[in-house]
Amino acid sequence: MKRYTIEVEVSGPTAMWTRPDTGDAPVSYLAPTFAATKGIFESICWLKSAIVVPTKVEICSVPVWHTYTTNYGGPLRSSSSVKGGNSFQLLATVLINVCYKFYAEVVSINDDVGESDESRKYREANINGAHAYQEMFRRRMAKGQWHAVPCLGWKEFVPDYVGPLRDATYRNEQLNAMIPSMLHETFSPSRYGTYGPVFRQSVEIREGVLMYAD
C-alpha cells in the first residue's frame, strides 16, 4: 500500500504540552504528545475521508521552561468564585521559544459513518481519501491557509510560523531524554471515539527525535 506522508514546521514563543499528573499547577512535557501533534495537522486540513497518524517530531530548539500565570474565568471555578465573579489565578510551567518539525502518514477511511457529501463523492468515485488529504494539505501549506488556527497546546499559544520545513532549522542533536510516562491519546482511535486516555511508558527522545510509533 502506498504511503501518503505530510510534514509541517511550527515555531512560537510559548508552548504547553500538559502533563495530566501535574494537577492545578500544570507542567509541560518536554515534547508534544501524539494527540497534540495530530491536532496541529488537523487544524491545517481535516477530512472525514482520511485519518492523520503522526509518526515523529523533531525538536529544533533548546527546551527552556518558564513560569506562566493567567487569570481563569471559566466554568471550572468553584461555585463561590463563579457567584462572586472572581477569577482563579492559574500558575503553569510552560516551554518558551520552541520550534518543531512534525511528520505524519495519512490513512484512508472507506466506511460511510458520518461522512460528508464531499466524502461520499470521493468514495463513490473510488478517489483515495489519503491522497486527496495529502494534496489538499500541501495546497493549504503553500497558501498559508488552515481549517482552524493552529496552537501550541493551549489555544492562546499561537505559533509565529506554520509552514513547510525550513532548511535553516535543524533538530537539536544534543537533546536526549527519557519521559517515564507520557499521554499518547485522550480518546479512542475512532473518528467518533470515547474518552479513554492511553499512556506510553519510557518514551525516549534520542538526538532530538521522538518517535510516536510503538
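Descriptive notes on the structure:
- Among [x] 13.9; [y] 12.3; [z] 11.3, the entry that matches mean projected area of the Cα convex hull in nm² as calculated here: [x]
- Counting other Cβ atoms within 10 Å as a rough exposure proxy, the listed residues Trp65, Trp17 run Trp65, Trp17 from fewest neighbours to most.
- Here the contact order of segment 127-214, divided by its residue count and restricted to Cα pairs under 8 Å and six or more residues apart, works out to 22 percent.
- Over segment 28-90, relative contact order from alpha-carbon pairs under 8 Å, at least 6 apart, %: 26 percent
- Applying a 4.7 Å cutoff between beta carbons, the unpaired cysteines of the chain are Cys45, Cys151.
- Phi angles of segment 11-22 translate, via the Karplus equation with coefficients 6.51, -1.76, 1.60 and θ = phi - 60°, into HN-Hα couplings of 9, x, x, 8, 9, 9, 9, 5, 7, x, 7, 9 Hz per residue; Gly and Pro are given as x.
- Here the gap between Ser43 and Lys83, fully extended at 0.36 nm per residue and compared with their Cα-Cα distance, gives a gain of 10.9 nm.
- Highest mean packing comes first when the peptides 46-55, 19-28, 149-158 are listed by Cβ atoms within 10 Å, giving 46-55, 149-158, 19-28.
- Simple Cβ-charge dipole of the chain, Lys/Arg +1 and Asp/Glu -1, about Cα centre, in debye nearest 20: 280 debye
- 3J(HN,Hα) from dihedral phi, segment 200-206, Karplus parametrisation 6.51/-1.76/1.60, rounded to Hz, x for glycine, proline: 9, 9, 6, 7, 9, 9, 10
- At R0 = 25 Å, FRET efficiency that the Cβ-Cβ distance of Val62 and Arg139 yields, to 0.05: 0.15
- Ranked packing of 198-210, 130-142, most packed first, by mean Cβ within 10 Å: 130-142, 198-210
- Entry note, the chain: relative contact order of 32 percent, from Cα contacts under 8 Å with a spacing of 6+ residues.
- Modelled spin-label separation between Asp167 and Thr70, with each label point placed 7 Å from Cα along the Cα-to-Cβ direction: 3.7 nm.
- For segment 4-211, the tally of Lys pairs with Cα-Cα distances below 30 Å comes to 19, considering only residues 8 or more apart or on different chains.
- √(5λ) per eigenvalue of the Cα gyration tensor, segment 4-50, largest first, Å: 25, 13, 9
- Cα gyration tensor shape of segment 16-75, rounded if a/c is under 1.5, else prolate or oblate by comparing a/b with b/c: oblate
Each value in this text was obtained by applying a stated rule to the coordinates, not by laboratory testing. Everything numeric here is computed off the predicted structure, so don't read it as measured data. All Cβ positions, even for glycine, are placed from backbone atoms using ideal geometry, and neighbour counts span all protein chains on display.
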